[in-house]
Amino acid sequence: MKNTALTHIHEGLGAKMLPFAGYNMPILYEGVNAEHETVRNAVGVFDVSHMGEFILSGPNALTLIQKVTSNDAATLTIGRAQYSCLPNNDGGIVDDLIIYKMKEEQYLLVVNASNIDKDWDWISAHNDLGVEMRNVSDDYSLLAIQGPKAVEAMQSLSSIDLSAIAYYHFEVADFAGFDNVIISATGYTGSGGFEIYCKNSEVETIWNKVFEAGAAYGIKPIGLAARDTLRLEMGFCLYGNDINDTTSPLEAGLGWITKFTKEFTNSDNLKAQKEVGVSKKLVAFEMQERAVPRHDYEIVDGLGNVIGIVTSGTMSPSMNKGIGLGYVTTGNSTVDSDIYIRIRKNDVPAKVVKLPFYKK
């Protein structure tokens, strides 16, 4: 079990710690609903230092990224980030990731904690271009400072205008007394704010200064349980739940990051799939009665026929109703379709809805 540089702080704050992706991580502090509402209405801080970071450098760095990812990284300029995925050879997804263009010929790839080794091996196996690859996952910490008051609360810690960093853009700047900190507007909660990439040796000081600066704004530490309810209310995919080695990006509604203007791993087969059409689709649904859908619950039609499976589900803290994502047959995937979630032998009515669930 790995620890982050802040594990002792979480334990000192009384966080409920559990294993997550091989790390000892804070899951809860005061409770999911309270922490969720803090991020929706004020500002909260997540330690997400378990995420992986790779740096790819050299004249062929972009060529390698174009080869292994589905989105078109050629559109990136310095200071911009892009959501993408690593397709495998079988129509599924190795991982989803964020690509940052740091400099000309240098990119930062941020990958899921559970897939660090798998992604490194996958990209390395395709690196016949002499690209310099560095796995800096163990050297860097990552804080997600999220919520509508995040920018105002943190502005005193940096000389740059934090409000000027647009969504999926970033700056390398001073923050909390340290230089060369990556300040990135790529959060996964839908409530604004930014993420801070810094060295492990810097993160405890930064954490303390963040909480000093945010005290007047009601800042609180937030666990990974609330991160899951927040991302689900936005309909953001979670690797291992909603996407995996067997789910196609087109089935998962990720056609918008699957660009056939270039060739990439398995692009010919995915292009053919797009032309023929997919047989199942990832949909969002809301329960029509008070009930909580859970991962792996069956989805059925009005006649009781199994038509799919729930991939993510929760009782939405913001909306106080059961919400979820799941794959269903394409014929049952249109918005307003009536579906049923099989919960302990009861078929509970639900309706397919448009994302996001949570609207500000």
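Restricting the range 211-288 to chymotrypsin sites (Phe, Trp or Tyr not before Pro) that sit in a DSSP loop and have at most 16 other Cβ atoms within 10 Å of their own Cβ leaves Phe260. List residues of the range 70-88, by number, whose backbone nitrogen lies under 14 Å from a label position 7 Å along Cα→C-beta of Lys262. Inside the label zone: 70-78, 81-87.
Legend: ranking of residues Met133, Met25 from fewest to most surrounding C-beta atoms inside 10 Å; resulting order Met133, Met25. Which semi-axes, in whole Å and largest first, does the equivalent ellipsoid of the chain have when worked out from the alpha carbon gyration tensor as the square roots of 5 times its eigenvalues? Working through the eigenvalues yields semi-axes of 32, 28, 17 Å.
With R₀ fixed at 35 Å, the C-beta to C-beta distance from Thr63 to Met234 puts the FRET efficiency at about 0.60. Counted without the sites themselves, the longest stretch of the chain free of GluC sites (Glu not before Pro) in a DSSP loop having at most 13 other beta carbon atoms within 10 Å is 105-262. The alpha carbon centroids of the range 79-95 and the range 261-325 are separated by 19 Å. In this rough spin-label picture, where each label sits 7 Å from Cα along the Cβ direction, the Tyr168-Leu303 distance is 4.1 nm. When you restrict to C-alpha pairs under 8 Å that are six or more residues apart and normalise by the size of the chain, the relative contact order lands at 17 percent.
Percent of C-alpha pairs per 10 Å bin in the range 222-342, short distances first: 13, 42, 31, 13, 1. Using a Gaussian network model of the chain in which every pair of alpha carbons under 10 angstrom is joined by a spring, one finds that among Ser163, Ser141, Ser70 the greatest mean-square fluctuation is at Ser163.
Every read-out reported here was derived from the displayed coordinates using simple, explicitly stated rules and does not represent laboratory data. Since we're looking at a predicted model, the values are computed, not measured. Cβ: placed from backbone, ideal geometry, glycine included. Neighbour counts: every protein chain shown.
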